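Step one of this worksheet: look at the structure below.
The values are calculated or read from the model by the stated rules, or taken from the named source; none is laboratory data. Note that the structure is predicted; figures quoted are calculated from it, not measured. As a convention, Cβ positions derive from the backbone with ideal geometry for all residues, glycine included, and neighbour counts pool all protein chains shown. Only protein heavy atoms, including side chains, enter the accessible area calculation; ligands, DNA and RNA are left aside. Shrake-Rupley method; radii C 1.70, N 1.55, O 1.52, S 1.80 Å.
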Amino acid sequence: MIFYFSGTGNSKWVAMKVAEVINDKSYDITLIKDAPDVNNEKRIGFVFPVHAWGVPEPMRIFAKKLQRIKAFAFGICTYGADAGHTMKKFSSFYRLDSAYGIEMPNNYIIGEDLEEEDVVTHKLENAADEILKISQEIINEKKVYRVNEGKFAKFKSGIINFGFNKFARSTAKFNVDECKCTGCGLCAEKCPSLSIIMSDGKPIWKGNCYQCMRCINICPQVAIQYGSDTVGRRRYTINKYLK
Ligand SMILES: Cc1cc2nc3c(=O)[nH]c(=O)nc-3n(C[C@H](O)[C@H](O)[C@H](O)COP(=O)(O)O)c2cc1C
Ligand code: SF4
Ligand code: SF4
């Protein structure tokens, strides 16, 4: 059983590809109501994006609640550049036999513009090869730690991650261009934390936003901004690149 969390599709794609190769099933944790029965599983996998060198809150909560069994456990994080101690932290609340990181297009358009097209496609091609390699290692239950932690890993996964979760996940800067927004409701329907409500045909943000970047990236009208940081920046979802 593979459990995944994904904002813009990178981690979902990885989870589904790995599941296909190792002949397993993948599940979106945000759609699971009760903790699943994993007693008969021979392996458990977790796939999720790195958020500020840490594990996104929904995955952290899910893994902490999941029943502990003796099955082979693996985790795969996806990131734009590096993970810090994300997987070591994850393993401290759900013990992993293997941990991997896969470099993927960076969806954090609040921080910087989307990478150039050739970088995005190159990353996706490399990731496809890495997925095959990882899948074989999982089948063989090989114990592996292959994660690009980057520089200052302890600092970034410590104080910076703490600051991100405490201060940077505010919805206050989300705004919508009322002329562009058609009121289709897609952003609200797809928000995994149910932080968007539609009011008079326009979205309003409130609640425990994960900063997964789904709403801002999927709006078909590019009507959503985060302050003025995202104005003029391109939008990303993996679906635009999948054949
Ligand atoms: C809030 C946020 C924080 C991020 N922090 C990091 C980071 O610390 N290091 C990194 O390399 N990439 C970081 N990224 C990029 C994502 O980890 C990367 O694009 C990931 O593959 C997105 O996966 P998803 O499409 O499954 O959500 C961040 C993205 C978001 C939205
Ligand atoms: S997805 Fe875009 S167009 Fe649709 S309601 Fe949300 S902001 Fe408006
Ligand atoms: S409000 Fe947007 S960024 Fe926040 S959790 Fe929902 S979809 Fe993700």
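Tell me the per residue accessible area of the stretch 134-243 using a 1.4 Å probe; a whole number in Å² is fine. Working shown, then result.
Details: 6360 Å² over 110 residues.
That works out to 58 Å² for each residue.
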| R0 of 41 Å, Cβ-Cβ distance residue 167-residue 133: FRET efficiency to nearest 0.05 | 0.60
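Distance check, please: which entries in 89/240; 33/64; 123/190; 133/154; 123/243 exceed 23 angstrom between their Cα atoms?
Working: 89/240 32 Å; 33/64 15 Å; 123/190 26 Å; 133/154 28 Å; 123/243 15 Å.
From the list (89/240; 33/64; 123/190; 133/154; 123/243), the Cα-Cα distance tops 23 Å for 89/240; 123/190; 133/154.
Carbon-plus-sulfur fraction of the accessible area of the stretch 170-240, 1.4 Å probe, in percent? Intermediate results must be reported in sequence, preceding the final value.
Working: 1830 of 3590 Å².
Reported share for carbon and sulfur atoms: 51 percent.
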| query | In nm, to one decimal, how far is the modelled label at residue 239 from the one at residue 125, with both set 7 Å along Cα→Cβ? | reply | 2.6 nm
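Over the chain, consider all pairs of different Cα atoms and compute the Kirkwood hydrodynamic radius from their mean reciprocal separation; express it in Å, one decimal. Working shown, then result.
Details: mean 1/r = 0.0539 Å⁻¹.
It works out to 18.6 Å.
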| Which length gain, in nm to one decimal place, applies between residue 222 and residue 34 when the Cα-Cα distance is subtracted from 0.36 nm times their residue separation? | 64.2 nm
| said: Give me the one-decimal Kirkwood hydrodynamic radius in Å for the stretch 170-240, with the sum taken over alpha-carbon pairs. | reply: 12.2 Å
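Find how much the distance from residue 175 to residue 145 grows on full extension, using 0.36 nm per residue of separation minus their present alpha carbon separation; answer in nm with one decimal.
The span from residue 175 to residue 145 would gain 6.7 nm if fully extended.
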| Carbon and sulfur %, accessible surface of the stretch 2-165 computed with the full protein complex present, 1.4 Å | 52 percent
| said: Against the empirical 2.2 N^0.38 Å scaling, what ratio does the C-alpha Rg of the stretch 115-243 come to? | reply: 1.32
